[in-house]
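Below is one structure; the comments refer to it alone.
The values are calculated or read from the model by the stated rules, or taken from the named source; none is laboratory data. What you see is a predicted model; the values in this text were computed from it and never measured. Surface accessibility is based on the protein's heavy atoms, side chains included, excluding ligands, DNA and RNA. Shrake-Rupley method; radii C 1.70, N 1.55, O 1.52, S 1.80 Å.
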Amino acid sequence: MKRTIDLILALAIAPFALPVTAVLALAIRLESPGPGLFIQERVGRNEQPFKLYKLRTMHAGTDSVPTHEIDSRTVTRLGNILRSTKLDELPQLLNVIKGDMSFVGPRPCLPTQVDLIEARRSRGVFAIRPGITGPAQLASIDMST
């Protein structure tokens, strides 16, 4: 049932989100060289890797490590705005439509976050789809704390 609700919601929002995403991707390209979209491998349901889509908020070529390990100077001016408004997450509607993600669930981790993967494995977290938002975001918890 949750998957059906996710799909209906994503398909209803997509026509409005697509033009906004396109304009923001163009603005990103105008601000700094590189693509407007950021595609990164993440660990999903049943520990299956998938490609996560976001609007690029950092300078192109920044290392693919957890955000809390990145120097804040790598985030672009527009990237700071996109992050604070969560608009950088709009392309994840595609992940929801494809079935890689849900609207609500644990945020997907990077394959290099071995300790986090082990902790999630031991708690059965990988039995559910990762989400665009979840309990950690609602509690303002990130990996830096």
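Of the whole protein surface, I5 contributes about 90 Å² of accessible area at a 1.4 Å probe radius.
With all protein chains kept in place, the per residue accessible area of the chain amounts to 60 square angstrom at a probe of 1.4 angstrom.
For the chain, the mean residue ellipticity at 222 nm estimated from helices alone is -13000 deg cm²/dmol, where every DSSP H run of n ≥ 4 contributes -39500 (n - 2.57) and the total is divided by all residues, rounded to the nearest 500. Most fluctuating residue of T57, T74, T21 in a GNM of the chain with Cα springs under 10 Å: which is it? Among T57, T74, T21, the largest mean-square fluctuation in the Gaussian network model of the chain belongs to T74. Taking all protein chains together, R56, R77, R107, R121 sort by accessible area into R77, R121, R107, R56, largest first [probe 1.4 Å]. Taking 20 Å as the straight-line reach from the Cα of K98, the lysines in range (excluding those fewer than 8 positions away in the same chain) are K2, K51, K54. A full extension of the chain between I8 and V20 corresponds to an added length of 2.4 nm, given 0.36 nm per residue minus the alpha carbon distance. Volume of the convex hull of the range 25-79 (Cα atoms only), normalised per residue: 80 Å³. Of the solvent-accessible surface of the range 35-89, computed with a 1.4 Å probe and all protein chains present, 50% belongs to carbon and sulfur. Springs join every pair of Cα atoms under 10 Å in this Gaussian network model of the chain, and among V104, V23, V96 the largest mean-square fluctuation is at V23. Around the amide H of L37, modelled in the peptide plane, lie the amide H atoms of R56, all under 5 Å away and 5 or more residues distant in sequence or on another chain. Springs join every pair of Cα atoms under 10 Å in this Gaussian network model of the chain, and among G79, G34, G61 the largest mean-square fluctuation is at G61.
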